[in-house]
Amino acid sequence: EQTPLHFTEITNKVNDLMGNTQRQIDVRRAHSILIDSDTFAHSGIHGTYGLTSWGFRKESTPELVEECLRKAGFPLHWKQIYNYVSKYKDSKVASIISILENNRMFKKTGSGVYWFNEQYE
């Protein structure tokens, strides 16, 4: 399809390719394969997976937020963090802000600017 798909859509497409054989794949099994495979990564949209070769990363969105701040080495505005994470996940602005506001690893240091809480630096 050349675009990220929900794991149930992937399951249906695989089963369509298999035809009316006994070798149909279960939705739960397909989801497990997607999670375990290095070829696929969660796109950032609920239940949707894309290929890592397209640039999607296996890390969770909070892990990418942390990576962004650690690479910078200083506090960043949420828009900068969003731009970094968006390279690897189809994240929404509200998701990034929610992570920054509600994850105890991060704290607001200024107007829209975030850094690590002391115990996580």
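The values are calculated or read from the model by the stated rules, or taken from the named source; none is laboratory data. Bear in mind that the values here come from a model prediction, so they are computed numbers and not experimental data. Cβ atoms come from the backbone with ideal geometry, glycine included; neighbour counts cover every protein chain shown. The protein model used for the area step is the full one, side chains on, heavy atoms only, and it has no ligands, DNA or RNA in it. Shrake-Rupley method; radii C 1.70, N 1.55, O 1.52, S 1.80 Å.
I35 meets the conditions (1) open to solvent by 50 Å² or more (accessible area, probe 1.4 Å); (2) in contact with a Leu (Cβ under 7 Å, 6 or more places away or on another chain) in every case but one. The failed one is (2). Kindly indicate the residue of segment 38-76 that is among the small types (G, A, S) and more than 12 Å from the chain's Cα centre (by Cα) and also least open to solvent (accessible area, probe 1.4 Å) among those meeting that condition. Taking the candidates together, the pick is A72. Evaluating R23 against the criteria (1) of a type in the set (K, R); (2) modelled with pLDDT of 95 or more; (3) open to solvent by 90 Å² or more (accessible area, probe 1.4 Å) leaves one unmet condition, (2).
Contact annotation: residue pairs with Cβ atoms under 8 Å, 6 or more positions apart or on different chains, pairing a residue in segment 63-75 that is more than 16 Å from K108 (Cβ to Cβ) with a partner that is open to solvent by less than 50 Å² (accessible area, probe 1.4 Å) and among the aliphatic types (A, V, I, L, M), are L64/V85. Checked against the criterion of being in contact with a strand residue (DSSP E or B) (Cβ under 9 Å, 6 or more places away or on another chain) and touching a residue at least 24 places away in the same chain (Cβ under 8 Å), segment 12-21 has no qualifying residue. Taken over segment 77-121, residues that are loosely packed, with under 13 Cβ neighbours inside 10 Å, farther than 20 Å from E59 by Cα and either small (G, A, S) or touching a residue at least 60 places away in the same chain (Cβ under 8 Å) (or both) amount to 2.
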